[in-house]
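Just so it is clear, none of the values below were taken in a lab; they were calculated from the coordinates. Computed from a predicted model, the values in this text were never measured in an experiment. Heads up, the Cβs are rebuilt from the backbone with ideal geometry, glycines too, and the neighbour counts pull from every protein chain shown.
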Amino acid sequence: MKRIFKLSLVFFLSLFLVACDRVYFPFFDIFTETQTTTLRTSIDGTITFEESEYNSFEIYDSLTYKLDDIDEYNDILLSTKNHIRHANIQVNTVLYNPLLPWGGGIERDVLSMGSGFIFHEDDDFYYAITNNHVVESEFDVDYEIKTFEDTEFHSAELLVTSEEYDLAVLKFSKNSRSEVSIIDIYQRLYYKFNVGEIVLAVGNPSTVVNNVTFGEFKSMENLENVGFKVIYHDATIANGSSGGALVDIDGNLLGVNAWGLEDSDEFSFAIPNYIVYTFLINNGILD
């Protein structure tokens, strides 16, 4: 009965949508859920995207889809899982407060925790995507990230952010890291998502880091207050998963996980890769 009723509920899901991260308030030992932000259909820049254009995208095909050898297929799944875990990062939004008005120590408050993934690098820095609601704050905050191989958090710089698209980009020093993967954002760009295709979601739900879940792409759906169609899939995401990557079986970016239902793990929603690309181009992150 629940699955039959599922499609009729999609239109109303936004009434119950919550963003998938924890947000802590300084000086209080509580946390709450953030709500979805209001999005619009275009942003200032050189590229805009019309919803109807998705219908003109070509169908994507991969040699992996045609494999008959189950062992070879599973090897690809495991390889992709390992790859995206090494691209995943933990993201903290941190507020430092003096313990006393005249000094004498600093208190570190983590206001929010979420996920992100590395999509680009240059000689000195890695660049990672996350959600705006993971990094936004009314306070003067700092940002910390932790990669798969890191044993502690390191500082990061917030380059650009968009409340409208609920996206943000962080930059951090490469240092001597040797186990970082880059998620390909181009391979699946401007291709349709195939109904029923395997998807993998990576993130840091609750206290579990670099977690990967499996599911299927279901459909493109409209959500209230979202100005573009979003990816509906059933790979489980939870508090802390916001900003994590959603990829295909070969590890190519499909979208950025952003929303889920508080009382169900069957409804997960992601910002499509072509919206992410538009955001990056229009903000000068990519040429």
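Backbone geometry of the stretch 53-65 corresponds, through the Karplus equation with coefficients 6.51, -1.76 and 1.60 at θ = phi - 60°, to 3J(HN,Hα) couplings of 5, 4, 5, 8, 5, 6, 6, 8, 10, 10, 4, 4, 4 Hz, x marking Gly and Pro.
Summing charges over all other residues whose Cβ lies under 10 Å from the Cβ of residue 231, with Lys and Arg as +1 and Asp and Glu as -1, gives +1. Rounded to the nearest whole Hz, the Karplus-based 3J(HN,Hα) values (6.51 cos²θ - 1.76 cosθ + 1.60, θ = phi - 60°) of the stretch 227-235 follow the sequence x, 8, 5, 10, 7, 9, 9, 10, 6, with x at glycine and proline. Taking amide H positions as placed 1.01 Å from N in the peptide plane, with prolines and chain starts having none, which residues 5 or more places from residue 254, or on another chain, fall under 5 Å of its amide H? Placed amide hydrogens put 246, 247, 248 under 5 Å from residue 254. Listed values for the stretch 75-88 are Karplus-derived 3J(HN,Hα) couplings in whole Hz (6.51 cos²θ - 1.76 cosθ + 1.60, θ = phi - 60°), namely 4, 5, 4, 5, 5, 5, 4, 5, 4, 6, 5, 7, 9, 6, and x replaces Gly and Pro.
Summing Lys and Arg as +1 and Asp and Glu as -1 over all other residues whose Cβ lies under 13 Å from the Cβ of residue 184 gives a net charge of -2. What number comes out for the charge environment of residue 96, summing +1 per Lys or Arg and -1 per Asp or Glu over other residues with Cβ under 14 Å away? Spelling it out: positives minus negatives among the neighbours equals -4. For the stretch 71-156, applying the loop criterion from DSSP together with a ceiling of 11 other beta carbons within 10 Å to the chymotrypsin sites (Phe, Trp or Tyr not before Pro) yields 102.
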